[in-house]
Structures are given as C-alpha cells and as structure tokens.
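J.: Okay, here's the structure, questions in a sec.
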Amino acid sequence: MESNSTYSMEDKIEQTPVVIYPDINTNLPHEVTGTSFGLGILLGVSLGSLPFMHFKPFNLYIIALALFHFLEYYITAKYNPKKVNSQSFLINNGIEYTVAHTIAIFECLVEGWLFPRWKTYNHSAFRQIIVTLGLTLLIVGQLVRSLAMYTAGKSFSHIVKVEKENDHKLVTNGVYLYFRHPSYFGFFWWAMGTQLLLLNPITSVAFAYVLHGFFSKRIPFEERHLVDFFGDEYIKYRQSVKIWIPFINDDGNN
Ligand SMILES: C[S@@+](CC[C@H](N)C(=O)[O-])C[C@H]1O[C@@H](n2cnc3c(N)ncnc32)[C@H](O)[C@@H]1O
C-alpha cells in the first residue's frame, strides 16, 4: 500500500534536527544506570522512612545529597551533552569533599548518641530556626546552581577551562545577571545549608573555612582565564556583577 504522506522517509530524516548525543564511551551505561539506581535508592529509603524518624534533618540531608548528585549529571546531559561523562555526577568530587561529608555524618551520629536531648529531641524555637535556615539555604543554593548550569549550557564545564573552546561564549544573562559565579554561590550555600540542617556546630564552621579557602583560589584562577578568553567584555562584566560569597573579594584579586 502506498503512503499518503507528501514526504518520503529520506525527507523526514533530512528534516530531523541534529541532536548531539553524549559520547557513550565516557558514559558507560552500566556505570550511569548503577549510579542513578544507587542515588534513587538513597532518596527513596530516606523519603520513605522520613515519617518514622525522630531526627528528620538527617533524612532531608541524604535526600539533598542524592538530588544534588543526580542533577549534576542530568543537567549536564540535557544542556551540555558534549561534556557529560560518568564523572558528571560529581560523586568523586575530590578527597576533601568525601572526607567532609563523612565527618559531617559522623558528627551528626555521635552528637545524636551522646546528646540526644540537645540534638534529636530538642524542640526549641532556636533549633527550628537553624533547621529552617539550613533547609532554605540548601534549596536556594540548589536552585541557583541548577539554573547556572542550565543558563551557561555549553559554556559550563565541571573542570575550569584554560584554553578557549569554539563554542565557549561569555554568559551574562539569567542568573549570571545577579551573580558572577552562580554555580559556586549555589554550591557554597547548599553545602552550608546541609550542615546547619544537621545542627552540626563543628562541621558548619569547618565547611565555611574549607569552602572559603577553595573558592578564594578557584575564582581568581578561573577569572584570569576568562579575561584571556573575553578581554574587556569580561572585565566590564566583573566590575558590574558581584559574587555574593562572604569574604571573597569582588574585584577578582583574592
Ligand atoms: C564549574 S563552571 C563555573 C561557572 C561559574 N564560575 C559559575 O559559578 O557559575 C567553570 C567554567 O565556567 C566558565 N565560566 C565561568 N564564568 C563564565 C561566564 N560568565 N561565561 C562563560 N563561561 C564562564 C569558566 O571558563 C570555566 O571553564
């Protein structure tokens, strides 16, 4: 039977927009599905057991961690597919990152065990304020970071570029209108939010110190290369948009 369609199969193929798919060799299906499955299990177990837990902030923290790592890969795969690879989950985000969260979990569990009245069964207004502040910071941080990755698209990369790529464009729109480094701003406040949420006094201070040290080196390094890539255009942008991370100089000379 003849098709009534005015277009032939060849026409249809020609009209199909070209989609750049991620390189499967750096996105091994068993690694990507395995990691997604693991994150899904973490999220599901934490969410499912939430109503039965005395210390709900711990479950919320695990949910935030699982969502963060899932979104790192998902947004890169969707809006920056050329650069996505199984490391884009950012689970191997450096030894400091792994150690920091391991210590945070340890502090939370030890304090819950040693000082249950202060940590787990404390229903004071002060505790509610800190938990709410932590939750708010981590939600705002996650939103700003995800929006930054979506807005920057192909110009975003988890590794700082030291050589300009052809499709690297200066991004100054969307969240970049209000924050000069929105993904760093988002990460900083997301991470601080996780520690306040856990009511962890020690790692709250330690996270602030370590994150400040990290960004006060990374931002000037990244900006030196951005000035090389985009010249006056970046210098003007740098003069007009602030970073909004505490104690990081806005003039680019940290
Ligand atoms: C991990 S991303 C972080 C981007 C940005 N610092 C932020 O916090 O949203 C690092 C890459 O983004 C690029 N980058 C940073 N700011 C940029 C901008 N305004 N426009 C285009 N590329 C930018 C850098 O060249 C670097 O390779």
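The values are calculated or read from the model by the stated rules, or taken from the named source; none is laboratory data. Quick caveat: nothing in here was measured; it's all calculated off a predicted structure. Neighbour counts are summed over all protein chains in view; Cβ atoms, including those assigned to glycine, are modelled from backbone coordinates with ideal geometry. What goes into the accessible areas is simple: the full protein's heavy atoms, side chains included, and nothing from ligands, DNA or RNA. Shrake-Rupley method; radii C 1.70, N 1.55, O 1.52, S 1.80 Å.
J.: Mind listing whichever residues of the stretch 216-237 are near the ligand (Cβ under 9 Å from one of its atoms) and open to solvent by 40 Å² or more (accessible area, probe 1.4 Å)?
T.: Within the stretch 216-237, Arg218 is the sole residue that qualifies.
J.: Here's a check for you: in the stretch 173-191, which residue that is more than 6 Å from the ligand (Cβ to nearest atom), touching a residue at least 40 places away in the same chain (Cβ under 8 Å) and open to solvent by 20 Å² or more (accessible area, probe 1.4 Å) is nearest to the chain's Cα centre (by Cα)?
T.: The extreme case among them is Phe187.
J.: For the stretch 137-173, what are the residues that are under 22 Å from Lys82 (Cα atoms) and of a type in the set (Gly, Ala, Ser)?
T.: Once the filter is applied, which keeps residues that are under 22 Å from Lys82 (Cα atoms) and of a type in the set (Gly, Ala, Ser), the stretch 137-173 yields Ser146, Ala148, Ala152, Gly153, Ser155, Ser157.
J.: Out of the stretch 192-213, which residues are surrounded by 17 or more Cβ atoms within 10 Å (Cβ to Cβ) and within 20 Å of the chain's Cα centre (by Cα)?
T.: Met192, Gly193, Thr194, Gln195, Leu196, Leu197, Leu198, Thr203, Ser204, Phe207, Leu211
J.: Right, next: Does any residue of the stretch 125-134 turn out to be more than 23 Å from the chain's Cα centre (by Cα) and surrounded by 13 or more Cβ atoms within 10 Å (Cβ to Cβ)?
T.: Yes.
J.: Among the residues of the stretch 142-159, count how many are open to solvent by 30 Å² or more (accessible area, probe 1.4 Å), β-branched (Val, Ile, Thr) and either over 23 Å from Asp228 (Cβ atoms) or in a loop (DSSP other than H, G, I, E, B) (or both).
T.: Adding up the residues that qualify gives 1.
J.: What is the one condition in (1) of a type outside the set (A, V, I, L, M, F, W, C); (2) in a loop (DSSP other than H, G, I, E, B); (3) closer than 24 Å to Pro201 by Cβ that Asn92 does not satisfy?
T.: Status for Asn92: all satisfied but (3).
J.: Looking at the stretch 221-254, which of its residues are under 19 Å from Arg145 (Cα atoms), assigned to a loop (DSSP other than H, G, I, E, B) and free of Cβ contacts under 8 Å to residues at least 40 places away in the same chain?
T.: If the condition is that a residue be under 19 Å from Arg145 (Cα atoms), assigned to a loop (DSSP other than H, G, I, E, B) and free of Cβ contacts under 8 Å to residues at least 40 places away in the same chain, then Pro246, Ile248 are the ones that fit.
J.: Report the residue count in the stretch 66-123 for those that are touching a Gly at 6+ places or on another chain (Cβ under 8 Å) and touching a residue at least 40 places away in the same chain (Cβ under 8 Å).
T.: 4
J.: What do you reckon, is Glu111 touching a Lys or Arg at 6+ places or on another chain (Cβ under 6 Å), surrounded by 18 or more Cβ atoms within 10 Å (Cβ to Cβ) and more than 23 Å from Leu147 (Cα to Cα)?
T.: Yes.
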